[in-house]
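The values are calculated or read from the model by the stated rules, or taken from the named source; none is laboratory data. Here the structure is a predicted model, which is why all the values come from computation and not from measurement. Backbone-built Cβ (ideal geometry, glycine too); neighbour counts: all protein chains shown.
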Amino acid sequence: MTTETPSHSIADPDIRRIRHELRRRVLDVLSVEDVTPAMRRIVLGGEDLADFESAGFDDHVKLFLPGADGQEAMRDYTPRRFDRDGRRLTLDFVLHDAGPATAFARAARPGDILSIGGPRGSAVIGSSVRRFLLVGDETALPAIGRFIEEARPDTVIEAHVLVTGAAEEQRFGTAAQLQLVYHHAAADQAARAALLLRAIGPDHGPEPRFAWIAAEASVARAVRTHLVETCGHPLAWLKSSGYWVEGLANASEKG
Ligand SMILES: Cc1cc2nc3c(=O)[nH]c(=O)nc-3n(C[C@H](O)[C@H](O)[C@H](O)COP(=O)(O)OP(=O)(O)OC[C@H]3O[C@@H](n4cnc5c(N)ncnc54)[C@H](O)[C@@H]3O)c2cc1C
């Protein structure tokens, strides 16, 4: 069962929050392909997806994975694409050095099993919001790609994405007016944040734009601070998340 709670006032952007029934689903790996050298796409399938719902571009599911210590580990991933009729859910994994999710993605073969939970809820931004600033690193690309592909034609999107090099750049089809800029940066998070701050510049326009930020936590925090303190960006028009924390397993930060 799904329930909806309107949560906006006149001054705030129109954002609808939807709660979903939380249940565990056991899915089969249908296919594994590399979108880029460091981004692995895994398509999952199964009848458990018959009542799966993902209404928001930045929804997340919990993956239940075997941990190194024999305990079950949980990690968050974005439903990159969902095809209800075909009962197919696509997830994109950044392949980094170590961790249960990365280990799963590196070893995954068709026929493997993966259990997921969620999404617990979705935040759906209404059609009255037409201008967007999307900022992130590789872990944000599944949500950013989904947003761009699903955007309405009257949407104006400026996106800044950190990747390690040209081979990691992804292109997306869209009906929207899109300016997508990739920034090539190595692993140092402070240098990565500085690149983004230089790229974003002053934040102004004919109407407010919704800023969405997801990256390593220190990078997301730096971008959020820049937008709020330097650019005067209204807090209600901003969502910032630390999708991972350098040096810490299974860590994230809400902005
Ligand atoms: C809402 C949400 C949605 C997300 N969606 C996606 C998604 O669609 N695709 C995706 O790839 N990630 C996504 N992430 C990020 C992902 O959950 C984390 O990167 C997670 O820590 C990976 O788990 P792991 O088992 O591979 O590594 P962990 O066991 O969590 O970490 C092991 C080590 O690797 C480091 N590490 C973790 N992630 C990275 C990284 N990306 N690059 C370099 N080092 C890293 C940690 O700091 C730690 O030192 C999302 C996170 C959130 C909160």
Residue in the range 93-110 that is in contact (Cβ under 8 Å) with a residue 12 or more places away in the chain and in a strand (DSSP E or B) present: yes
Count of the range 88-125 residues which are in contact with a strand residue (DSSP E or B) (Cβ under 9 Å, 6 or more places away or on another chain), surrounded by fewer than 21 Cβ atoms within 10 Å (Cβ to Cβ) and of a type in the set (Asp, Glu): 1
Filter result (under 25 Å from Ala151 (Cβ atoms) and of a type outside the set (A, V, I, L, M)) within the range 161-183: Glu168, Glu169, Gln170, Arg171, Phe172, Gly173, Thr174, Gln177, Gln179, Tyr182, His183
Matching residues in the range 118-135 - criterion: being more than 13 Å from the ligand (Cβ to nearest atom) and in a strand (DSSP E or B): Val124, Ile125, Arg131, Phe132, Leu133, Leu134, Val135
Pairs with Cβ under 8 Å, 6+ apart, first in the range 64-85 and free of Cβ contacts under 8 Å to residues at least 60 places away in the same chain, second part of a strand (DSSP E or B) and of a type in the set (Asp, Glu): Phe64/Glu72; Leu65/Glu72; Pro66/Glu72
Candidates Arg131, Arg106 - the one that is more than 15 Å from the chain's Cα centre (by Cα), among the charged types (D, E, K, R) and closer than 30 Å to Arg198 by Cβ: Arg131
Segments classed as strands (runs of 3 or more DSSP E), wholly inside the range 136-255, with at least 2 members that are touching a residue at least 40 places away in the same chain (Cβ under 8 Å): 156-163, 210-216, 238-244
Failed criterion for Arg23 (all others in (1) of a type in the set (Lys, Arg); (2) more than 30 Å from Gly165 (Cβ to Cβ); (3) touching a helix residue (DSSP H, G or I) at 6+ places or on another chain (Cβ under 6 Å) hold): (3)
Members of the range 218-254 that are of a type outside the set (Lys, Arg), surrounded by fewer than 20 Cβ atoms within 10 Å (Cβ to Cβ) and either assigned by TED's automatic domain parsing to the domain that holds Phe57 or within 9 Å of the ligand (Cβ to nearest atom) (or both): Val245, Glu246, Gly247, Leu248, Ala249, Asn250, Ala251, Ser252, Glu253
Any hit, the range 167-186, residues being charged (D, E, K, R), within 16 Å of the ligand (Cβ to nearest atom) and farther than 23 Å from Thr78 by Cβ: no
Those strands (runs of 3 or more DSSP E) lying entirely in the range 21-71 with at least 1 residues at pLDDT below 95 and assigned by TED's automatic domain parsing to the domain that holds Phe93: 61-66
Criterion violated by Leu27 - all others in (1) buried (at least 18 other Cβ atoms within 10 Å of the Cβ); (2) of a type in the set (A, V, I, L, M, F, W, C); (3) within 15 Å of the ligand (Cβ to nearest atom) satisfied: (3)
